[in-house]
1. Which number in (1) within 32 Å of the chain's Cα centre (by Cα); (2) of a type in the set (A, V, I, L, M); (3) at pLDDT 95 or above marks the one condition that Leu207 misses?
2. Just one of Gly110, Gly144, Gly118, Gly122 is without any contact (Cβ under 8 Å) to a residue 24 or more places away in the chain, open to solvent by less than 40 Å² (accessible area, probe 1.4 Å) and not aromatic (Phe, Trp, Tyr); which is it?
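The values are calculated or read from the model by the stated rules, or taken from the named source; none is laboratory data. As the structure is a computational prediction, the values presented were derived from the model and not from experiment. We place every Cβ from the backbone using ideal geometry, glycine too, and count neighbours over all the protein chains shown. Please note that ligands, DNA and RNA were not included when accessible areas were found on the heavy atoms of the full protein model with its side chains. Shrake-Rupley method; radii C 1.70, N 1.55, O 1.52, S 1.80 Å.
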Amino acid sequence: MRTPQPPNPPRPPGGTPPRGPTPPPRGPTPPPRGPTPPRGPTAPKAGPPPRPTAKPAAAKPRAARKLPAWLARAQRLLLQPTQEWAAIAAEFASAGPIFMRFVVPMAALGPLAATIGGIVFGERGSLLTFGTVPINLGTAVQAGVLEYVLNLVGVYGLAIAIELIAGSIGGQKNRVQALKVAAYASTPFWLAGVFALFPRIEPLGMLLGLYSIRLFAQGLPVVMKAPRDKTAAFTLLTSIAAALIVLVITAVITRLVVA
């Protein structure tokens, strides 16, 4: 027997029946895409702005080295004697600081140079003969030490002479003020002692020490309050006293060297 076929569904009028459920209507069409960017390495993301590079600090100019106080005073005495004598006259001082701050280093220049020159060249200059005398190592050291001690004593002896001369001509009789003149006016003489490093020219170098006479003439009336009309006589007597002290020191040193 034949299996009965199911009856065909009725066709809707005017068309083919739908095969399945009708899809929902589509939404609005998206806008067209722009040009596709070329492929390549990805650009780095922008970070914080770079910090300004700190400028290197400008190098500070080196400060000029200052001269020691005693050498600076010596320089001013040579280059600006009038102003420096006025400052010296007004300074409150005593014998100790004058010696320690000025006389002690200045008085050592000549003896130190003469000692080194005697050791290196085997001879020492002499103001008595304006020549040289032979010397050995031990004697050179002894002569240098003795000359240094005599220089210190000689400055004080010159100060006593200046004080006595000032009192006799109506000037100020003051030992400390007299020591100022004796110490500071001897600056050219002591600086000239550096020439003793070369014994054969030492006597010529000592001639430069005669500039001390000029400093005596400028300093005596200001520091010792001497009358202006007696400045020449005061300078002459002081220079004679200084020359005698130098000759005595030279004679003692020469006797030690020659003996």
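1. Every listed condition holds for Leu207 apart from (3).
2. Gly122
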